Every structure is written in C-alpha cells, then in structure tokens.
Amino acid sequence: MSAPSNPPLADGAPARAILVGVDFGRDAHFDASLDELAQLAESAGDIAVARIVARRKAPDAAFFVGSGKADEIKELVAMHQAEAVLFDQALSPAQQRNLERHLGVAVADRTMLILEIFGERAQSHEGKLQVELARLQYLSTRLVRRWSHLERQRGGIGTRGGPGEAQIELDRRMIGERIKGLKKQLERVKRQRSTQRRSRERNQTFRISLVGYTNAGKSTLFNALVDAKVHAADQLFATLDTTTRQLRLEGVERSVSLSDTVGFIRDLPHKLVEAFEATLQEANDADLLLHVVDGANPQQHEQMAEVERVLEEIGAADIEQVLVFNQIDRLEETQRPRVTRDRFELPSGRRVVRAFVSARTGEGLDELRRLLAEAAGSGAGLKEIDDAPMSQSASEVDAQEPQSEPVEPPLTGTYHPRA
Ligand SMILES: Nc1nc2c(ncn2[C@@H]2O[C@H](COP(=O)(O)OP(=O)(O)OP(=O)(O)O)[C@@H](O)[C@H]2O)c(=O)[nH]1
Ligand SMILES: [Mg+2]
C-alpha cells in the first residue's frame with residue numbers, strides 16, 4: 001500500500017524551503033537530522049531543498065540564530081532559490097519579523113507549519129473552528145509573509161488579496177472579536193458532546209480511544225479493527241477529525257466503540273492543545289486508551305514520552321492504557337518480539353500491558369482483540385489482567401535476552417529495536 005503524495009496547500013505550487021535547527025545543547029532530544037521538520041514541511045506542501053544546523057548557547061534575541069548564521073542562511077536561500085525558511089523551534093514574533101526582513105523570504109516556525117497542516121486537513125465544523133481559533137491566537141501577535149498563504153486557505157478570516165501590513169493592523173482589531181466568537185461556538189460544541197456522552201453512559205458503551213504520536217499507524221489500526229476506510233497516509237496529521245465506530249469483540253455482549261483521532265507531536269503548541277480541547281476530550285472520556293507507537297521508529301522513546309505529556313495535559317493520564325507496539329513487520333528478523341504481549345514500563349515509569357502488532361499485515365491483531373475483549377468484558381478494566389500472571393510466554397518477553405526462566409514476569413522496558 002503506497003501512500004498518496006501529499007496534497008499541496010491551497011495555493012498550489014509547493015514552496016522550496018530551507019530547514020533550520022538550532023542545537024542549544026540542553027535538549028537531549030534535539031533532532032539533528034531535521035527529519036521530522038522535513039516531514040512537517042512536506043505535509044504542509046513544501047519541499048525541503050537544504051538543511052542547516054546551528055549550535056548556540058542561547059537564542060539570539062533578534063535573529064534566534066546568530067547574525068553570521070543568518071547570513072549563511074541567506075546565501076543558501078539565494079543558492080537554492082528558496083521561497084521559505086522553516087525553523088524547527090518556536091520563534092518570537094520579533095525574531096520571525098527580523099528574519100523575514102533580513103532573508104527576504106517567508107519565515108515560519110514549527111508551530112506555524114503545524115497550524116498550516118491543521119488548517120488544510122480540518123474537515124468537520126468543529127475541526128475548522130478549532131483550527132481557526134488556534135491560528136488566530138498565534139497570528140494575532142505577528143505580521144508575517146506567510147499570513148497571506150494562510151489567508152488563502154479555507155476558513156480564513158476573510159481578507160482578499162495579499163494583505164499589506166496596514167491591512168493586517170486592521171485585521172488585528174477584528175481578531176479579538178473573532179476569537180471571542182469562536183470560543184463561544186466551541187463552548188456549544190462541548191455542551192453537545194457532553195450530552196452525547198451522557199447518553200452513551202446510559203447505554204453503557206465501553207469506549208476505547210486510539211492515541212499516539214502522529215504517523216504511528218492509529219488510522220491503519222482503526223481500519224483493521226473495525227473494517228473502516230478512514231484516511232491513513234504517510235504524512236503528519238493525516239487525521240484531524242474524530243471518527244467513532246462500533247467494535248465487535250467475540251464474547252463481549254455490551255457495546256464497544258473505538259475512536260480514531262488527532263495524533264500528537266513534540267512541542268505541540270499549547271494553544272493548539274487548548275483550542276482542540278473538544279476533540280482531545282474524546283480521549284478523556286475513554287474507558288481505555290490504546291496508545292499506538294511506531295515500534296520501528298528510532299525516536300519511539302521520545303514519542304511515547306511526548307504522548308504521556310499530552311495525556312497529562314488534557315487530564316487523561318489516569319485512564320487505563322494498553323501500549324500497542326505497531327509496525328513490527330518493519331523490524332529486522334532478529335529484533336522481532338517472540339511474544340504477542342508483555343508488560344512494559346513507559347517513560348514516566350507507568351507500567352502497562354503491551355501488545356505487538358502490525359496493523360498492516362494483521363499480525364498480532366487477534367491477540368489484541370482478545371486483550372480488548374478481556375478489558376471490555378471484565379468491566380474492571382485491565383487491572384485484573386495486569387495483575388494476573390502474564391501469558392505463558394512471559395518468560396520470553398524480552399526479545400534481546402536469551403531465554404531464561406525468571407520467577408517473576410519481567411517488565412520489559414528494555415526492548416529497543418536499533419538501540
Ligand atoms: N509497514 C507498516 N506500515 C504501517 C503500519 N501501520 C501504519 N503504517 C503506515 O504508516 C503511515 C501512517 O499511518 P496512519 O495510520 O495514517 O498513522 P496515524 O497514526 O493515523 O497518523 P496521523 O493521523 O497522521 O497522526 C501510513 O503510510 C501507513 O500505511 C504497519 O503496521 N506496518
Ligand atoms: Mg490518522
């Protein structure tokens with residue numbers, strides 16, 4: 001199944017972009033490859049034509065990078081005839097404006113890219129409201145070139161043509177009003193949801209929600225489990241809107257629902273989390289979270305930590321969780337787990353049941369269904385399962401250790417493909 005190519009943004013031609021990352025030496029997870037930024041850029045319809053990494057002790061107040069580096073970037077822009085410069089970190093409004101003046105092209109940061117992608121993907125009324133709110137909150141403090149790029153997208157606040165700075169000043173006054181209006185509308189959406197929630201509670205549906213880092217394979221797993229056809233693609237934030245379906249589980253009488261929703265990402269802008277409260281609430285209402293992780297991704301540890309952080313932020317950290325270690329078909333033969341489930345310690349130290357699956361080939365899905373049936377059927381969630389002795393295979397849970405016969409089933413926080 002090959003992924004469709006990324007649809008370009010509304011205004012058509014992809015922009016040639018230079019990627020910039022700054023290593024401050026204190027963020028252990030600094031992505032020197034800028035691969036995720038490149039994926040974000042691509043998902044937003046840009047093409048990365050060059051990458052550059054700078055090293056600094058602290059951000060420069062004016063340019064974020066030093067002025068020497070800024071000149072270097074300017075040369076790269078000229079050399080590659082780039083139309084945009086994309087930063088892996090958040091820029092202050094002043095830095096962004098100064099850089100645009102200095103470089104003569106549009107400058108965007110990670111947050112803005114994420115907002116662009118969200119703006120392009122939102123389909124539902126609720127999704128659009130949420131994106132617009134986040135976007136206005138972000139843009140209200142900025143005068144940037146890519147503003148017009150954003151304005152051309154659906155659901156912009158309705159200026160025509162390329163707005164000059166005066167126009168933007170004017171717009172800015174309306175923004176406050178618009179933000180208020182949007183918040184009110186979203187409040188209404190939230191009330192509707194809570195009514196729906198109460199009716200679900202009445203009919204005792206057991207609700208399962210897929211959560212996880214973007215591109216982990218949530219939608220693919222959703223499609224495999226409920227035989228649906230939601231959009232799954234090799235791009236960041238392919239899914240924005242929530243889809244819920246009935247999930248049939250053998251031997252389970254009560255109704256079970258499964259929801260697929262928006263993925264998380266490192267440095268998810270706080271405003272976005274706030275704006276997406278109604279959507280993220282879905283995870284909050286779940287009886288069980290299926291935390292999907294791309295088991296073949298070398299960044300999986302950071303990704304799981306990020307997912308835990310967001311769950312904490314939205315108040316869903318206490319909900320029962322099963323870790324779904326997906327994409328095992330991509331692992332080398334020697335790295336493949338020899339069991340279908342074990343117990344695992346998440347970066348936070350929390351212990352969860354882990355299931356190994358490939359949403360693509362279907363491997364491990366029967367076992368996952370059994371696990372879900374146990375959780376939904378027992379009514380007591382997975383606590384019981386977690387306390388019960390693990391499957392007979394628990395003695396071989398760690399694919400990297402020679403088979404031994406531990407008395408206690410070990411917690412296998414040590415399974416790191418390509419570690
Ligand atoms: N090889 C392999 N590829 C997979 C598997 N699961 C998903 N993929 C691929 O990974 C990419 C992302 O899958 P999605 O299901 O869209 O991921 P998602 O978590 O829903 O991502 P977003 O909605 O963008 O946050 C797609 O190209 C899938 O075909 C798997 O088990 N094995
Ligand atoms: Mg998806």
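The values are calculated or read from the model by the stated rules, or taken from the named source; none is laboratory data. Everything quoted here is computed from the prediction, not taken from an experiment. Here the Cβ positions follow ideal geometry from the backbone for every residue, glycine too, while neighbour counts run over all protein chains shown. With ligands, DNA and RNA removed, areas are computed over all heavy atoms of the protein, side chains included. Shrake-Rupley method; radii C 1.70, N 1.55, O 1.52, S 1.80 Å.
Okay, here's what the table says:
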item: Residue match in the stretch 209-222 (condition: more than 17 Å from ILE314 (Cα to Cα) and away from ligand 2 (no atom under 12 Å from the Cβ)); result: no
item: Residue within the stretch 176-185 that is within 16 Å of ligand 1 (Cβ to nearest atom) and open to solvent by less than 30 Å² (accessible area, probe 1.4 Å) present; result: no
item: Some residue of the stretch 13-28 being open to solvent by 10 Å² or more (accessible area, probe 1.4 Å), under 20 Å from the mean Cα position of the chain (by Cα) and within 19 Å of LEU236 (Cα to Cα); result: no
item: Pairs with Cβ under 7 Å, 6+ apart, first in the stretch 97-123 and in a helix (DSSP H, G or I), second among the basic types (Lys, Arg); result: GLU100/ARG145; HIS102/LYS74; LEU103/LYS74; MET112/ARG146; LEU115/ARG135; GLY119/ARG135
item: Flag for ASP71 being closer than 19 Å to PRO269 by Cα, among the charged types (D, E, K, R) and open to solvent by 20 Å² or more (accessible area, probe 1.4 Å); result: no
item: Residue that is under 15 Å from GLY212 (Cβ atoms) and out of contact with any His (no Cβ under 8 Å at 6 or more places or on another chain), where the choices are ALA375, ALA283; result: ALA283
item: Test for GLN303: is it polar (S, T, N, Q), away from ligand 1 (no atom under 16 Å from the Cβ) and in a helix (DSSP H, G or I); result: no
item: Lone unmet requirement of (1) touching a Leu at 6+ places or on another chain (Cβ under 6 Å); (2) closer than 18 Å to GLU126 by Cα for VAL273; result: (1)
item: Matching entry among ILE168, ILE157 (being surrounded by 18 or more Cβ atoms within 10 Å (Cβ to Cβ), modelled with pLDDT under 85 and farther than 18 Å from ALA15 by Cβ); result: ILE168
item: Single residue of ALA58, ALA106, ALA50 found to be more than 28 Å from ALA122 (Cβ to Cβ) and modelled with pLDDT under 95; result: ALA58
item: From the options THR279, THR220, residue that is touching a Gly at 6+ places or on another chain (Cβ under 8 Å) and either more than 27 Å from GLU345 (Cβ to Cβ) or within 14 Å of ligand 1 (Cβ to nearest atom) (or both); result: THR279
item: Identity of the residue in the stretch 308-339, open to solvent by less than 50 Å² (accessible area, probe 1.4 Å) and farther than 20 Å from LEU210 by Cα, that ends up farthest from the chain's Cα centre (by Cα); result: VAL339
item: Subset of the stretch 29-74 [part of a helix (DSSP H, G or I) and either at positive phi or within 19 Å of the chain's Cα centre (by Cα) (or both)]; result: ASP35, GLU36, LEU37, ALA38, GLN39, LEU40, ALA41, GLU42, SER43
item: Residues of the stretch 267-307 that turn out to be among the charged types (D, E, K, R) and either surrounded by 19 or more Cβ atoms within 10 Å (Cβ to Cβ) or on the phi > 0 side of the Ramachandran plot (or both), as a count; result: 4
item: Residues satisfying the stated conditions in the stretch 246-281, i.e. aliphatic (A, V, I, L, M), part of a loop (DSSP other than H, G, I, E, B) and away from ligand 2 (no atom under 16 Å from the Cβ); result: LEU247, LEU249, VAL252
item: Test: residue in the stretch 228-235 that is crowded, with 21+ Cβ neighbours inside 10 Å and either farther than 30 Å from LEU103 by Cα or modelled with pLDDT of 85 or more (or both); result: yes
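Here's the yes/no breakdown for (1) open to solvent by 10 Å² or more (accessible area, probe 1.4 Å); (2) away from ligand 1 (no atom under 16 Å from the Cβ); (3) over 22 Å from LYS128 (Cβ atoms); (4) out of contact with any Ser or Thr (no Cβ under 8 Å at 6 or more places or on another chain):
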| residue | (1), (2), (3), (4) |
| --- | --- |
| ARG188 | yes, yes, no, yes |
| THR195 | yes, yes, no, yes |
| ASP241 | yes, no, no, no |
| ASP260 | no, no, no, no |
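Results for (1) touching a residue at least 60 places away in the same chain (Cβ under 8 Å); (2) over 25 Å from ARG354 (Cα atoms), shown as yes or no for each residue.
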position	(1), (2)
PHE206	yes, no
VAL226	no, no
VAL230	no, no
ASP234	yes, no
LEU247	yes, no
GLY263	no, no
ALA278	yes, yes
GLN281	yes, no
ASP285	yes, no
